[in-house]
Structure formats: structure tokens, C-alpha cells
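J.: Take this structure first; my questions come after.
The values are calculated or read from the model by the stated rules, or taken from the named source; none is laboratory data. Please read these numbers as outputs of a predicted model, since none were measured by experiment. Because the Cβ atoms are built from the backbone with ideal geometry, glycine has one as well, and the counts that use them run over all protein chains shown. For accessibility, only protein heavy atoms count, side chains too; no ligands or nucleic acids. Shrake-Rupley method; radii C 1.70, N 1.55, O 1.52, S 1.80 Å.
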Amino acid sequence: MQCYCNSKKEFSECCEPYLSGVSSPSTALELMRSRYSAYVLGDGGYIVKTTAKENRYEDDLELIEEYSKSVAWLGLEIVHVEKNVVEFKAYYRDAGGVKVQHEKSNFIYEDGVWLYSDGKMYNTKIERNFPCPCQSGKKYKKCCGAL
């Protein structure tokens, strides 16, 4: 099975070793991808564990799991990567239709592991003539945007 993070790799060779604790991401990008996969799978524990200590709140676990299970995740698009910054768009469908979470995330390398620090959200909409985030191969306006 291909990985949820759209890396074109098998899940077992991509994010699964990180989510299962067998290994740790060696780059901010690997951590970003694995966190997306954790959201798809509703693994709030991984999200909390991979957040910087000053922004980590165990009480968020239930909210994260509830949110991640309340939407249908459609795909991840990596927009730009620097050493400790990853800009991405995560596409999902909720009761209001198809939406995009566009964020520039900051990561820190602390005690030998990469952690999510914080991010800046962008107000981005899905353009009608862009490829549909559901990966059907159609334009958005002829696919999910037509619903």
C-alpha cells in the first residue's frame, strides 16, 4: 500500500516505521510527512509526542483524534522545504466540502529528534482549474468541486 503522505513509497518503507516507533525521522520533511499520516490514521499520540515540549499539551490528544477522524483526508502536497521549515497543503473533505489546510511549519531538532514547533496558516482556497485533491486526475471543477 502506498503511503498516505503521497511520497510514492510504500507505507511500510515510509511513515510506518516512525509511527510504530521503530525509527525516528531524520529530517523535518520526514517528520512532516509522518505527522500527516498520523492525522490520516487518527494517531493523536504520535502528533502530541512529536510536538515541541513548550507546545505539547496532553489534553489535546482527544481533540486531535476527534478532528482527524471527522474528516476524509485526500492528500498532501509539499510546497517548499528548507532545513527546518516545510510549507504544505493538506487536502480534506468535511461536511462543508473539500478544503485545504495550507501551513508553513517550523521544526526544531532537539535531543536528537525532530519536533514540530509551530506554524503559520494561510487562507488558501482550491482553484477550480487545479487538479482535484482527491487524485482522480480530473480538474477540481469537474470532480469534487462539482458536488
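J.: Taking Ser12 and the conditions (1) modelled with pLDDT of 95 or more; (2) closer than 30 Å to Lys141 by Cα, which numbered condition does it fall short on, given that it satisfies the others?
T.: Of everything listed in (1) modelled with pLDDT of 95 or more; (2) closer than 30 Å to Lys141 by Cα, Ser12 misses just condition (2).
J.: Let me ask another. Counting just the residues of segment 2-15 that are in contact (Cβ under 8 Å) with a residue 12 or more places away in the chain and either charged (D, E, K, R) or within 18 Å of Ser68 (Cβ to Cβ) (or both), which one comes out most open to solvent (accessible area, probe 1.4 Å)?
T.: Across segment 2-15, the extreme among qualifying residues is Tyr4.
J.: Within segment 39-49, identify whether any single residue is in contact with a helix residue (DSSP H, G or I) (Cβ under 7 Å, 6 or more places away or on another chain), without any contact (Cβ under 8 Å) to a residue 12 or more places away in the chain and of a type in the set (Lys, Arg), and answer yes or no.
T.: No, segment 39-49 has no match at all.
J.: Shifting gears a bit: Of the numbered conditions (1) under 24 Å from Cys3 (Cβ atoms); (2) open to solvent by less than 30 Å² (accessible area, probe 1.4 Å), Gly97 satisfies every one except a single condition; which is it?
T.: Condition (1) is where Gly97 drops out.
J.: So, one more: Pick out the one residue from Gly45, Gly119 that is assigned to a helix (DSSP H, G or I) and in contact with an Asp or Glu (Cβ under 9 Å, 6 or more places away or on another chain).
T.: Checking each option against the conditions leaves just Gly45.
J.: Here are Val22, Val71, Val85, Val81: which of them is open to solvent by 30 Å² or more (accessible area, probe 1.4 Å) and out of contact with any Leu (no Cβ under 7 Å at 6 or more places or on another chain)?
T.: Sole residue among the options that is open to solvent by 30 Å² or more (accessible area, probe 1.4 Å) and out of contact with any Leu (no Cβ under 7 Å at 6 or more places or on another chain): Val22.
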